[in-house]
Amino acid sequence: METFETLVRSEFAPKTIYLNTASNGLLPARTVDALHEAALLRAEGRPLNSLYEDVEACRAAYARLAGVPVTRVAVGASVAAHTGVIAAALPAGAEVLTAQDDFTSVLNPFHIRGDLKVRTVPLEGIAESVRPGTALVAVSAAQSADGRVADLPALREAARAHGARTYVDFSQAAGWLPMDADAYDYSAAVSFKWLLGPHGTAFLVVPEDFGGLSPVLAGWVAAERPWDSCYGPVAELARSARRFDLTHALFTFAGLRRSLDLIEELGVDAVRAHDLALADRFRAGLAALGHEPVPAPGSAIVSVPGLGDRQPKLSDADIQVSNRAGNLRAAFHLYNTTADVDRLLDVLSG
């Protein structure tokens, strides 16, 4: 029986110390093989039926990870597109509460509307800032810039108390942090970070009654019978969240199906324990070197003010991290080891 370590070793063989999952996760070997096979289907003119089956397998796998029925999961291309659908459904003058410096895809569609009241507060105060008249609270579960984790239970209770809907972006959390998407009205996540998939796919979870959303981007794949809806207006939209689907990036789903299989085989709880142990080791090492990271307990992302300019030197040493607004950002995932952390600390001490 394979252990966590042997399964990970069989899937990953990075040529660098890769600590940049907050930008892009590494592709497992099984995912690379599936992408190659999908490309051959196109190159050799074979039927693509299996690729459409991959779409539905990914939808079902994400539903299990999110803790919701598959009928509540839509698939699209980006979080920004999903946010746009939610923004389009709000009445003019509605108040949207957001976190300061959250990722643009979570925010910008509300600003683009021009007739919404977008209120921005520090992440730590977002729950207490919900008030009567707040229509929607939109926030990332984990902040892209520095890894701070939102107090989602407090946010949920505050929103319920004031009749506000909630929208959570799990892009920097899905794969290592339990999602419990059923607790929120809407949620979304991209596939190419901790879920280890290719680019080109983002999931959207909506309520059973669709939460007042209109499928303003609907095409033929959003129909109850897609292959009978290729010409003319769609006669009947899907009776599930599939009505919010965008045209599927088939190659992406072919690979993503195998990546999601791996996450489920390992288990989110085991992945989280692994990732957080490495992040905590890095935080402790930073303290020993006299550096203080942005406070983000319980996060797989560690951001260190003032060290962003070390990124080129680290890259030269085959250590991949990010420079975000002057901060060095390291993001830990299942293919990282204690040796990776110690090497990063060693280079930083020099």
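Of everything in segment 38-80 that is among the hydroxyl-bearing types (S, T, Y) and within 21 Å of D180 (Cα to Cα), the residue that is most open to solvent (accessible area, probe 1.4 Å) is T71. Might you let me know whether segment 271-286 holds any residue that is among the aliphatic types (A, V, I, L, M), in contact with a His (Cβ under 9 Å, 6 or more places away or on another chain), closer than 21 Å to G175 by Cβ and not in a loop (DSSP other than H, G, I, E, B)? Within segment 271-286, one or more residues are among the aliphatic types (A, V, I, L, M), in contact with a His (Cβ under 9 Å, 6 or more places away or on another chain), closer than 21 Å to G175 by Cβ and not in a loop (DSSP other than H, G, I, E, B). Here is the figure for segment 196-236: residues that are part of a strand (DSSP E or B) and either under 21 Å from the mean Cα position of the chain (by Cα) or surrounded by fewer than 16 Cβ atoms within 10 Å (Cβ to Cβ) (or both) total 4.
No other residue among T83, T104 is open to solvent by 60 Å² or more (accessible area, probe 1.4 Å) and at pLDDT 95 or above apart from T104. Residues in segment 107-118 that are in a strand (DSSP E or B) and surrounded by fewer than 14 Cβ atoms within 10 Å (Cβ to Cβ): 0 in all.
The selection criterion, being over 30 Å from A339 (Cβ atoms), polar (S, T, N, Q) and assigned to a strand (DSSP E or B), does not hold for T83.
Those residues that are assigned to a loop (DSSP other than H, G, I, E, B) and open to solvent by 60 Å² or more (accessible area, probe 1.4 Å), I need them from segment 15-37; list them, please. Correct list: K15, L27.
Scanning segment 1-19 for residues that are within 28 Å of N323 (Cβ to Cβ) and not hydroxyl-bearing (S, T, Y) gives V8, F12, A13, P14, K15, I17, L19.
Output yes when any residue across segment 279-296 is touching a Phe, Trp or Tyr at 6+ places or on another chain (Cβ under 6 Å), open to solvent by 30 Å² or more (accessible area, probe 1.4 Å) and either more than 17 Å from S349 (Cβ to Cβ) or not aliphatic (A, V, I, L, M) (or both), and no when none is. No, there is no match, as no residue in segment 279-296 is touching a Phe, Trp or Tyr at 6+ places or on another chain (Cβ under 6 Å), open to solvent by 30 Å² or more (accessible area, probe 1.4 Å) and either more than 17 Å from S349 (Cβ to Cβ) or not aliphatic (A, V, I, L, M) (or both). Which residue is farthest from R272 (Cα to Cα), if the candidates are limited to segment 169-192 and must be surrounded by fewer than 24 Cβ atoms within 10 Å (Cβ to Cβ) and charged (D, E, K, R)? Ranking the qualifying residues of segment 169-192, first place goes to D185. Just one of the listed residues (V8, V73, V32) is at pLDDT 95 or above and within 27 Å of S105 (Cα to Cα), namely V73. Just one residue in the set D342, D346, D318 is open to solvent by 10 Å² or more (accessible area, probe 1.4 Å) and without any contact (Cβ under 8 Å) to a residue 40 or more places away in the chain; that residue is D346. Of G163, G211, G175, all but one fail to be of a type in the set (G, A, S) and without any contact (Cβ under 8 Å) to a residue 40 or more places away in the chain; the exception is G163.
Does segment 281-297 include one or more residues that are within 21 Å of the chain's Cα centre (by Cα), within 30 Å of V206 (Cβ to Cβ), at pLDDT 95 or above and not hydrophobic (A, V, I, L, M, F, W, C)? No, because not a single residue in segment 281-297 is within 21 Å of the chain's Cα centre (by Cα), within 30 Å of V206 (Cβ to Cβ), at pLDDT 95 or above and not hydrophobic (A, V, I, L, M, F, W, C).
The values are calculated or read from the model by the stated rules, or taken from the named source; none is laboratory data. Keep in mind that what you see is a predicted model, and the values were worked out from it rather than measured. Ideal geometry is used to build each Cβ from the backbone, glycine not excepted, and the neighbour counts take in all protein chains shown. When the accessible area is computed, the model is the full protein with side chains, heavy atoms only, and any ligands, DNA or RNA have been set aside. Shrake-Rupley method; radii C 1.70, N 1.55, O 1.52, S 1.80 Å.
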